[in-house]
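Okay, so here's the structure we're looking at.
The values are calculated or read from the model by the stated rules, or taken from the named source; none is laboratory data. This is a predicted model, so every value here is computed, not measured. No Cβ is skipped: glycine too gets one built from the backbone with ideal geometry, and neighbour counts run over all protein chains shown.
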Amino acid sequence: MRSHSGNIMSESIPTSTPKPTPTASWYERSAWIVVSAVFLLLAWRQHQFVNQHAVNILFWDQWDFYAPLFREGSLWEIFKQQHGPHRQGLGFLLTDLLTHLSGWNSRWDAFGVSFVLIFAGLLGLLLARRCGARGISLVTIPLLFLNIRQYEMFVNASNISHGAMPMLLFMALLLCLFIERDALRLLAISLLTFLAIFTGFGIFVGLVIPMVLVVQMIQHWRQNEKQRALSVLLALVAIGAAWALFSVGYRFDPAVSDYRFPYEKPWEYFYFIAAMLNNFHGMQTQSLPVLIWGLTCTAFLGGLALFHGWRILRHGVLNERRSTVIFCLAAFSLIYGLNTAIGRVFSGWQEAGAASRYVTLMIPAGLAAYLHFATLNKAILARTLTIAYVCFLAYNTVELHTRDWRSINHYSEGRRAWKAAYLETRSEEQASERTHFQVYPAPVLGDRLRYLEAHRLNLFNSDAHP
């Protein structure tokens, strides 16, 4: 097969791996030590951040999506709980477990997000190696998954289901593409897709995976592999059934009052996605050069999806598992980004697009770019691009901006102050007036606060950390 390795969109993994020399083995061991050290350091810093800034009081959306816990609902009610445009799924089952273990300590939710992201990062390392990435470039993975720019998931309304659990499920699902036995692979993919559809914005995984399976089924059919085609069809039917179950009782809820579609300035959809990608990479100002950079990143993601989608069509899903992974990552990022833009662009793409909570769900975009760079056939080009990307991430995302710290302190100190004021006055209105801070848009939490007090939960649990 002819190689086009001089191009950035080139073919990537060699068909055979040479036997490692002693020097190569030493390099691999040294690289793993560095990667492990960076991973542990960033994980430790993330936990320290949570410990310092997370507060034990339910906040904003938590008062709403905790509804089945307040009414002591069944596990199925908890699993299918809808919040905004998505359901809560597996992440909320974990939240339910944590509430029982902690007396509804909200800090445990933030730590839960942190631990799930760490496990997702570990699966991301395994996935990168399965795709052919090696050496020191793997330090990119902890920089992507433990990006401190996702701080809102720890200091605001921590929701394991929103982004962290979808990322864990997505990484596990993509790893399943490398299972050799058809039946086991398709069973695992079907199950994980079901869980992803029901869990936060993993819902868009349920759009990407069927694309791949349809292509695979057609390829099996054309190669006269009717039994294998039938197996893939059964997996598609199972995913279709998951969507049907998801739709039962589902309501369209954009979660904003001024939602409108189509938007009168549709080009700003792309500006919004560019702002999301810029914020993920630590670039907050929306000057013209930064906007152009974000739009270039958006176009590059589209190019990755098209290029690796073409490879899948040409060579087959099972023959191009690395390309299948990169296609899924890029396609998910584009679909999620466009959906978010449609739902929020009228709030102002400069500000709304830079929301911290979107960072977690932009991880697949960075991972797609890294895997493409790291597995290029031309070693010098691969090394140059991955080193450049590592340096770019480290420079822009390891530290937060002053504006970020203002937001963090606003939420952290505000929640602590409101909690203290409420415990003293037992009045939502007085607590909000004293602190100039609200834990919910309106003082309507009476029944829920009384429930917590009667059961000595959350802010009324005197044994819990503030």
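When we screen E225, E268 for residues that are modelled with pLDDT under 95, surrounded by 13 or more Cβ atoms within 10 Å (Cβ to Cβ) and not hydrophobic (A, V, I, L, M, F, W, C), the only hit is E268. Residue count for the range 375-419 under the criterion of being among the aliphatic types (A, V, I, L, M) and within 21 Å of the chain's Cα centre (by Cα): the result is 6. Run I203 past the list (1) farther than 30 Å from A255 by Cα; (2) touching a His at 6+ places or on another chain (Cβ under 8 Å); (3) among the β-branched types (V, I, T) and report the number of the one that doesn't hold. (1) is the only condition that I203 fails.
Take the conditions farther than 22 Å from S158 by Cβ, surrounded by fewer than 19 Cβ atoms within 10 Å (Cβ to Cβ) and at pLDDT 95 or above and apply them to E424. Does it pass? In short, yes. Would the range 421-438 turn up any residue that is in contact (Cβ under 8 Å) with a residue 60 or more places away in the chain and touching a Lys or Arg at 6+ places or on another chain (Cβ under 9 Å)? No, there is no match, as no residue in the range 421-438 is in contact (Cβ under 8 Å) with a residue 60 or more places away in the chain and touching a Lys or Arg at 6+ places or on another chain (Cβ under 9 Å). For the range 411-443, a residue qualifies if it is within 19 Å of R456 (Cβ to Cβ) and in a loop (DSSP other than H, G, I, E, B), and the qualifying residues are R426, V439.
Within the range 160-197, the set of residues being under 30 Å from R406 (Cβ atoms) and touching a Lys or Arg at 6+ places or on another chain (Cβ under 9 Å) comprises S161, H162, G163. Here the range 90-142 is the region considered, the condition is being aromatic (F, W, Y) and in contact (Cβ under 8 Å) with a residue 24 or more places away in the chain, and the residue that is farthest from A54 (Cα to Cα) is F119. Within the range 1-59, how many residues are within 19 Å of S137 (Cβ to Cβ), modelled with pLDDT under 55 and of a type in the set (S, T, Y)? Residues in the range 1-59 being within 19 Å of S137 (Cβ to Cβ), modelled with pLDDT under 55 and of a type in the set (S, T, Y): 4 in total.
Taking the criterion of being in a loop (DSSP other than H, G, I, E, B) and within 23 Å of the chain's Cα centre (by Cα), the residues of the range 262-284 that qualify are H281, G282, M283, Q284.
Within the range 45-86, being crowded, with 16+ Cβ neighbours inside 10 Å and among the small types (G, A, S) holds for A54, G84.
Within the range 154-179, residues that are closer than 23 Å to V317 by Cβ and touching a residue at least 40 places away in the same chain (Cβ under 8 Å) reach partners that are assigned to a helix (DSSP H, G or I) and basic (K, R) with beta carbons closer than 8 Å, at six or more positions or on different chains, in the pairs L175/R130; L177/R185; L177/R321; F178/R130; F178/R321. Remark: F327 falls outside the filter, which requires a residue to be in contact with a Ser or Thr (Cβ under 9 Å, 6 or more places away or on another chain) and either more than 20 Å from M167 (Cα to Cα) or not aliphatic (A, V, I, L, M) (or both). So, in the range 132-171, of the ones that are under 26 Å from N409 (Cβ atoms) and of a type in the set (F, W, Y), which residue ends up surrounded by the fewest Cβ atoms within 10 Å (Cβ to Cβ)? Checked the range 132-171; the qualifying residue surrounded by the fewest Cβ atoms within 10 Å (Cβ to Cβ) is Y151.
Would you be able to say whether some residue in the range 114-131 is out of contact with any His (no Cβ under 6 Å at 6 or more places or on another chain), charged (D, E, K, R) and surrounded by fewer than 19 Cβ atoms within 10 Å (Cβ to Cβ)? Yes, that holds for at least one residue. Of all residues in the range 321-374 being of a type in the set (S, T, N, Q), surrounded by fewer than 22 Cβ atoms within 10 Å (Cβ to Cβ) and over 15 Å from the mean Cα position of the chain (by Cα), which is farthest from G282 (Cα to Cα)? Residue satisfying both the conditions and the ranking: S347.
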